[in-house]
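Engineer: Let me give you the structure first, and then I'll get to my questions.
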Amino acid sequence: MSIAHLFLWLTAIIWGFAFVAQSTAMDVIGPHTFNAVRFLLATLSLIPLLFIFKSKQAYDMKGLIKGSLAAGTLLFCGFTFQQTGLLYTTAGNAGFITSMYIVLVPLVGLLFKHAVDRLTWLGIAVALAGFYVLTIGPNLTINKGDALEFAGTLFWTLHVLLIGFLSRSLPALPLSIMQFAVATVWASLAAFALETPTLSGIELAWWPLVYAGVASSGIAFTLQTLGQRQVTPSTTALILSMEAVFAVIGGWLFMGEILSDRALFGCALIFTGMIVSQWPRKEVALTTATTKETS
């Protein structure tokens, strides 16, 4: 295993365990307050990277602002559903449902005339079957938390497609910083409108906030950037999809979460679908999700 592969594995581990940090924080702080602080920390933690990864790419500042507004809004929506969903479901479920964006990206990409091959279709079908097994109960009912997580996944899917489009003309790091700044504003407005943020609550949730805001953003972004320089997009996506597995492991280790046999089977199907859809081809002509600056 090369150092680049190791960086990507560490990124998947950090992102997976972030679901544990997000879930435990809900005992003492509201979801919007949590997101507002983590977005702020993410913004601040990424700024020093501007001096490490200096971009020579020329870009239009107006385009950067417009793109950041759109991406930041999708980021806020995705995290709002994800964080609120953690009030009603497990970290493991949240991790696997969120990871469904990997197979939904090529599906939604059809609307933008992106090509989808047979192997990807197979992966999508298997993953959707896994989602049904994991989340759908008797009489076609779905747990409230799982439904919220899936709603968030739809926004992650749109976010990945938007970032894929914007990255053609805009540098990744300034775009990431500005989208987190936009999300900070939205989450702060929601927190003050719908919750009662307190310094004592933020202090009690300090370590989960630092992990989610700094480790899952600044540190993971750096590791992902370094890793992707030497690893193919398909292999990168395969490694990063392990985020869902580490979310389950983290929930079991730190929160005592135990999935039922049915839930484990559903997770296994989703994971299989993700692997199949992202498996390297000799000729890849697909728009796939190889980055996720959102966990």
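The values are calculated or read from the model by the stated rules, or taken from the named source; none is laboratory data. Worth saying up front: this structure is predicted, and the values here are computed from it rather than measured. Counting neighbours? That spans all protein chains shown, and the Cβs are built from the backbone with ideal geometry, glycine included.
Engineer: Only one of these is out of contact with any helix residue (DSSP H, G or I) (no Cβ under 6 Å at 6 or more places or on another chain), in contact (Cβ under 8 Å) with a residue 40 or more places away in the chain and hydroxyl-bearing (S, T, Y): T232, T272, T236. Name it.
Structural biologist: That would be T232, the only listed residue that is out of contact with any helix residue (DSSP H, G or I) (no Cβ under 6 Å at 6 or more places or on another chain), in contact (Cβ under 8 Å) with a residue 40 or more places away in the chain and hydroxyl-bearing (S, T, Y).
Engineer: Going residue by residue through the stretch 55-68, is there one that turns out to be under 19 Å from the mean Cα position of the chain (by Cα), within 25 Å of L154 (Cα to Cα) and in contact (Cβ under 8 Å) with a residue 60 or more places away in the chain?
Structural biologist: Within the stretch 55-68, one or more residues are under 19 Å from the mean Cα position of the chain (by Cα), within 25 Å of L154 (Cα to Cα) and in contact (Cβ under 8 Å) with a residue 60 or more places away in the chain.
Engineer: Do we find that T153 is within 30 Å of K56 (Cα to Cα) and within 22 Å of the chain's Cα centre (by Cα) in this structure?
Structural biologist: So T153 does not fit the description; no.
Engineer: Could we say that S295 is under 21 Å from the mean Cα position of the chain (by Cα), more than 19 Å from T120 (Cβ to Cβ) and at pLDDT below 90 here?
Structural biologist: Taking the combined requirement at face value, the residue satisfies it.
Engineer: Could you give me the residue pairs with C-beta distances under 6 Å whose first residue belongs to the stretch 254-266 and is in a loop (DSSP other than H, G, I, E, B), whose second residue is among the small types (G, A, S) wherever it lies, and which are 6+ apart or on separate chains?
Structural biologist: Correct list of pairs: E257/G92; E257/G251; L259/G92.
Conditions tested, residue by residue: (1) in contact with a Pro (Cβ under 9 Å, 6 or more places away or on another chain); (2) in a loop (DSSP other than H, G, I, E, B); (3) surrounded by fewer than 19 Cβ atoms within 10 Å (Cβ to Cβ).
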| residue | (1), (2), (3) |
| --- | --- |
| Q22 | yes, no, no |
| H32 | yes, no, no |
| N35 | no, no, no |
| R38 | yes, no, no |
| L50 | yes, no, yes |
| Y59 | yes, yes, yes |
| I65 | no, no, yes |
| F81 | no, no, no |
| T89 | no, yes, no |
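Engineer: Filter the stretch 202-228 down to residues that are surrounded by fewer than 17 Cβ atoms within 10 Å (Cβ to Cβ), in contact (Cβ under 8 Å) with a residue 60 or more places away in the chain and more than 20 Å from the chain's Cα centre (by Cα), then give me how many there are.
Structural biologist: 1
Engineer: Yes or no: T73 modelled with pLDDT of 90 or more, under 14 Å from G152 (Cα atoms), in a helix (DSSP H, G or I) and more than 14 Å from the chain's Cα centre (by Cα)?
Structural biologist: The answer is yes for T73.
Engineer: Here is a further query. Cβ-Cβ under 8 Å, sequence separation 6+ or interchain: first residue in the stretch 1-18 and farther than 10 Å from V245 by Cα, partner of a type in the set (S, T, N, Q) and surrounded by fewer than 17 Cβ atoms within 10 Å (Cβ to Cβ). Which pairs?
Structural biologist: Short answer, once both residue conditions are applied: S2/Q230; A4/Q230.
Engineer: Filter the stretch 226-266 for residues that are touching a Leu at 6+ places or on another chain (Cβ under 6 Å) and within 23 Å of A21 (Cβ to Cβ); which is modelled with the highest pLDDT?
Structural biologist: For the stretch 226-266, the residue satisfying everything is A263.
Engineer: Can you spot a residue in the stretch 186-198 that is crowded, with 18+ Cβ neighbours inside 10 Å, within 23 Å of F17 (Cβ to Cβ) and either touching a residue at least 60 places away in the same chain (Cβ under 8 Å) or touching a Cys at 6+ places or on another chain (Cβ under 7 Å) (or both)?
Structural biologist: yes
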